[in-house]
Amino acid sequence: MKLSPKVSIIGCGNVGIRYAYSMIIKGAVRELVLVDYNRNKAEGEAMDLSHGAPFVSPVNIYAGDYKDTANSDLVVIAAGRGQKQGETRIDLIKGNAEILKGVVPEVVKYSPKAIILVATNPVDILSYITYKISGKPSAEVIGSGTVLDSARFRYLIGRHCNIDSRSIHASIFGEHGDSEFPAWSKAMVGGILFKDFCKVCGREGCDCCSKSKEDARLEEIFEDVRDSAYKIIEKKGETSYGIGLALTRISNAILRDENSILPVSSFLQNYHGVSDVYLSVPAIVHKYGIRQTLEIDFDDTELAAFESSAKKIKEVIRASGF
């Protein structure tokens, strides 16, 4: 008997297992299937996670094959080679695209109605490839996008302003990668536009309110966001905790039918003139996937950055043959 919600994870590396752990801790799932080319590893992870049963909400965790994923509500694809030191996410495309060619048809075969959430990098390009291979409506194929980048952005703004990051509303858009960009014109601190916050912050000894110092500090914050993964990989070899939590946030929006607005990688058609590409923009996420993308009134700098990001991703997609 299927328990609901049922979630299947394809790929039990660091990202897949951090995501599984986060879902269990938050009580977001009742049935969790782990699928990996290394069946022994998947079984070991399932056993280890299951032994926490007395400390969490009821959940049935087990390793399986694709047939065990049948009738999943959500399938998360975390299979693929991880980013190594010195590599960009784009460098991963060839090998990981080949992996998805084997994974996606099996996912659709056993769970034709499931929402597919892609976490494998380069996530925008692989979300597009997953959409093309799957034959599913684009709304049912979502990339993790810049949800994690935006969390990093909010954290760093909060640290800069000495404000709880949960009171920061700010996002990174475009590619989950080097051409991403911040929407500073829309960033808010507790309902106040970020650009106006300096006038009321009242922090003793704060000297960043001059235009030159503010611009430099904002650029530094964004560069820290954009380069975070490179720095973490350099220090510990991989990134997984943050993306595990980000995937859980997206999953909850789907499984709980929240209609939450998140910067997930979505299929765009005539979004500021950009079409036939996956990029992160504000999207309403519910139980059927993407309900709607919301077109932001970018300022001129942001619009140029968005168009540049789209051009870069489309060029790579064309080069990959899709």
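Among residues of the range 254-271 that are within 16 Å of L126 (Cβ to Cβ), those with a beta-carbon under 6 Å from a residue that is polar (S, T, N, Q) at least six positions away or on a different chain give the pairs S265/S127; S265/S280; S266/T293; F267/S138. Does any residue of the range 76-85 turn out to be among the polar types (S, T, N, Q) and modelled with pLDDT under 95? Yes, the conditions are met somewhere in the range 76-85.
Can you name every residue in the range 29-88 that is under 29 Å from Y288 (Cβ atoms) and among the polar types (S, T, N, Q)? Result: S57, N60, T69, N71, S72. Of all residues in the range 81-140, those satisfying the criterion of being among the small types (G, A, S) and farther than 26 Å from R226 by Cα are G102, S111, A114, S134, G135, S138, A139.
Okay, residues lined up against (1) under 17 Å from the mean Cα position of the chain (by Cα); (2) not polar (S, T, N, Q):
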position	(1), (2)
L255	yes, yes
V264	yes, yes
L279	yes, yes
F298	no, yes
A305	no, yes
A310	no, yes
I313	yes, yes
V316	no, yes
S320	no, no
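Restricting attention to the range 188-210 and to residues that are modelled with pLDDT of 70 or more and of a type in the set (K, R), the residue that is nearest to F153 (Cα to Cα) turns out to be K195. Take G11 and tell me if it is surrounded by 15 or more Cβ atoms within 10 Å (Cβ to Cβ), closer than 24 Å to V104 by Cβ and modelled with pLDDT under 95. Considered against the rule, which asks whether it is surrounded by 15 or more Cβ atoms within 10 Å (Cβ to Cβ), closer than 24 Å to V104 by Cβ and modelled with pLDDT under 95, G11 comes out as no.
The values are calculated or read from the model by the stated rules, or taken from the named source; none is laboratory data. Model, not experiment: these values are computed from the prediction. Cβ: placed from backbone, ideal geometry, glycine included. Neighbour counts: every protein chain shown.
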